[in-house]
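For reference, the structure discussed in these notes is given below.
The values are calculated or read from the model by the stated rules, or taken from the named source; none is laboratory data. Just so you know, these numbers come straight off a predicted model, no measurement behind them. All Cβ positions, even for glycine, are placed from backbone atoms using ideal geometry, and neighbour counts span all protein chains on display.
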């Protein structure tokens, strides 16, 4: 059951894209040091180890999780096993500009998946909100120039990002359609640990396939350790906590528009840490993205 978008819910849904914007930057920085599926597996293995002391009871044989294991296996596949592995794989061959542009289709995929697989009709207000939000993202990514946008060339990584975006849409819808059994209800650590348990199986299988195909590699060192520390604590644990709570409160469609804050946050992070000053089109894009969120979430 969703509710009106409150300031607290909006803050949680905005915090997740902020952390994920950093994830894209770090993932790109580490792409020569570690294979993508291996990075995804280590990310969730370490996150699971951090959360296990807080929620180990959920894995006991008598836990209420097991009668619902199929749903949590699906959450683990779409949200943990697939999404980031595909994103890291996309960053191997595609530019950050292309990957973020493809990912900006998230509100559209939220509406499509909801209509086709979950029986939720698309309203005119949501369609208008999606158009506004995506226009804002395109404005950021094209840097206010039509020529920059027309110069884009698609590569295999762009297809991987399309698959990642569809996977995340399924994950978000399953969040609100998945019941919380006894022992998980109201316990975010247990809820996330249950997803990680199954997600580790999926991500481990993908990493194993990567190494069996001769694509696996790891270059251990402080850069890799620092990057892992960030993506484990920030994007893996905190962002999933914020996103899960926000989606369950606001619904997946309204939440999907917040994903489009990711490229805007990436631009702000570049300004803060790389000395790249923001431009007028950043402000215009912010108005469009937030306008899409407001329009889509109003009753």
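Of the residues that sit in the range 70-95 and are surrounded by fewer than 17 Cβ atoms within 10 Å (Cβ to Cβ) and modelled with pLDDT under 90, which one is nearest to residue 45 (Cα to Cα)?
In this case the residue turns out to be 93.
Against the definition (modelled with pLDDT under 75, touching a helix residue (DSSP H, G or I) at 6+ places or on another chain (Cβ under 8 Å), part of a loop (DSSP other than H, G, I, E, B) and over 18 Å from residue 131 (Cα atoms)), how does residue 266 come out, yes or no?
So residue 266 does not fit the description; no.
Given the conditions (1) at pLDDT below 90; (2) within 16 Å of the chain's Cα centre (by Cα); (3) within 21 Å of residue 199 (Cβ to Cβ), report the number of the one that residue 67 does not fulfil.
The single condition residue 67 does not satisfy is (2).
Return a yes/no flag: does the range 19-40 have any residue that is at pLDDT 90 or above, assigned to a helix (DSSP H, G or I) and in contact with a strand residue (DSSP E or B) (Cβ under 7 Å, 6 or more places away or on another chain).
Yes, the conditions are met somewhere in the range 19-40.
Restricting attention to the range 55-67, which residues are part of a helix (DSSP H, G or I) and more than 22 Å from residue 237 (Cα to Cα)?
Selection gives 66, 67.
Out of all the residues in the range 273-291, which are outside any loop (DSSP other than H, G, I, E, B), modelled with pLDDT of 70 or more and more than 21 Å from residue 6 (Cβ to Cβ)?
Matches in the range 273-291: 280, 281, 283, 284, 285, 287, 288.
I'd like to know if the range 78-97 contains one or more residues that are touching a residue at least 12 places away in the same chain (Cβ under 8 Å) and more than 20 Å from the chain's Cα centre (by Cα).
Within the range 78-97, none of the residues are touching a residue at least 12 places away in the same chain (Cβ under 8 Å) and more than 20 Å from the chain's Cα centre (by Cα).
Among the candidates 253, 294, single out the residue that is out of contact with any strand residue (DSSP E or B) (no Cβ under 9 Å at 6 or more places or on another chain), surrounded by fewer than 22 Cβ atoms within 10 Å (Cβ to Cβ), under 24 Å from residue 122 (Cα atoms) and modelled with pLDDT under 80.
None of the other options fit; the residue is 294.
So, residue 245, is that one in contact with a helix residue (DSSP H, G or I) (Cβ under 7 Å, 6 or more places away or on another chain), more than 19 Å from residue 165 (Cα to Cα) and either surrounded by 15 or more Cβ atoms within 10 Å (Cβ to Cβ) or without any contact (Cβ under 8 Å) to a residue 60 or more places away in the chain (or both) or not?
Against the criterion (in contact with a helix residue (DSSP H, G or I) (Cβ under 7 Å, 6 or more places away or on another chain), more than 19 Å from residue 165 (Cα to Cα) and either surrounded by 15 or more Cβ atoms within 10 Å (Cβ to Cβ) or without any contact (Cβ under 8 Å) to a residue 60 or more places away in the chain (or both)), residue 245 qualifies.
Let me confirm something: among 205, 164, 190, which residue is surrounded by 15 or more Cβ atoms within 10 Å (Cβ to Cβ), under 22 Å from the mean Cα position of the chain (by Cα) and either modelled with pLDDT of 95 or more or farther than 28 Å from residue 120 by Cα (or both)?
190
Of the conditions (1) surrounded by fewer than 18 Cβ atoms within 10 Å (Cβ to Cβ); (2) farther than 20 Å from residue 196 by Cα; (3) in contact with a helix residue (DSSP H, G or I) (Cβ under 9 Å, 6 or more places away or on another chain), residue 233 clears all except one; give me its number.
All conditions pass for residue 233, except number (2).
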